[in-house]
Amino acid sequence: MAKVPYTPASYHDNAFNCPFCGAYADQNWHAITSPRIVGIIEDIELCRCGHCYRFSIWNEGAMVLPDSGEVESPNEDLSEEIKQDYSEAVSILQKSPRGAAALLRLAVQKLCIQLGENGKDINTDIGNLVKSGLSPTIQQALDVLRVIGNESVHPGQIDLRDDPATAQALFRLLNKIAETMITEPKQIQEIYDKIPDAKKKAIEVRDQKTPSKDI
């Protein structure tokens, strides 16, 4: 089954994944016209989810409540420890994009351990995965998280305080890595295990044969 795309909350969009319940649903916008608020806090709007009926609060086009709802849930096949880091990064994304990126860099280090590396040096771990046949696309995704995570805690050329959208995209990258490296192989293995043992033995024999050389 194809994965349903995640649509983050966006100002005045008529449908997206609710920042509260996570469901993709119609969103209904309401301007605040109370005289008790107008003149004190300008440009406040409410957005009601058509699935859970809860209201998100927006100010000048930005969501202020909840303050961490524009990120998809972590991949279910990530370890519980990585999921905790992911959730913590989500909780501070709006307040500190740099802090969120640093936590995701830590999550990638732990992901390398989940993929069989030792986790002591993330750059070395990625290099080892490349030697083992890691696809260039996933290698680039890992290095994006590594480099931007490092830049977020050390003086560098990338300042996520002025680029929260990039910090938000890092969550999608981490999930993409997990989907490709963990979820897809697991799903294929589950289906392969249903093949009769005799058929699997024949496949093993086929793969053990020495390839014939063209004359």
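Table for the structure above
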item: Selection count, the stretch 179-206, where residues are of a type in the set (A, V, I, L, M, F, W, C), out of contact with any helix residue (DSSP H, G or I) (no Cβ under 7 Å at 6 or more places or on another chain) and surrounded by 10 or more Cβ atoms within 10 Å (Cβ to Cβ); result: 5
item: Filter result for the condition that a residue is at pLDDT 80 or above and of a type in the set (Lys, Arg), over 48, 36; result: 48
item: Criterion: in contact (Cβ under 8 Å) with a residue 40 or more places away in the chain and either open to solvent by 10 Å² or more (accessible area, probe 1.4 Å) or over 12 Å from residue 85 (Cβ atoms) (or both) - qualifying residue of 127, 119, 133, 99; result: 99
item: Filter result (among the polar types (S, T, N, Q), within 23 Å of residue 113 (Cα to Cα) and at pLDDT 80 or above) within the stretch 142-170; result: 150
item: Answer residue from the stretch 1-33, given it is hydrophobic (A, V, I, L, M, F, W, C) and open to solvent by 40 Å² or more (accessible area, probe 1.4 Å) and is modelled with the highest pLDDT among those; result: 29
item: Selected residue (criterion: modelled with the highest pLDDT) from residues of the stretch 78-98 that are outside any helix (DSSP H, G or I) and touching an Asp or Glu at 6+ places or on another chain (Cβ under 8 Å); result: 93
item: Unmet criterion (only one of (1) without any contact (Cβ under 8 Å) to a residue 24 or more places away in the chain; (2) over 21 Å from residue 152 (Cβ atoms)) for residue 114; result: (1)
item: Any chance residue 111 is under 15 Å from the mean Cα position of the chain (by Cα), within 15 Å of residue 169 (Cβ to Cβ) and open to solvent by less than 70 Å² (accessible area, probe 1.4 Å); result: no
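The values are calculated or read from the model by the stated rules, or taken from the named source; none is laboratory data. For clarity, every value in this text was computed on a predicted model and none was experimentally measured. Backbone-built Cβ (ideal geometry, glycine too); neighbour counts: all protein chains shown. Keep in mind that these areas ignore ligands, DNA and RNA; they rest on the heavy atoms of the full protein, side chains included. Shrake-Rupley method; radii C 1.70, N 1.55, O 1.52, S 1.80 Å.
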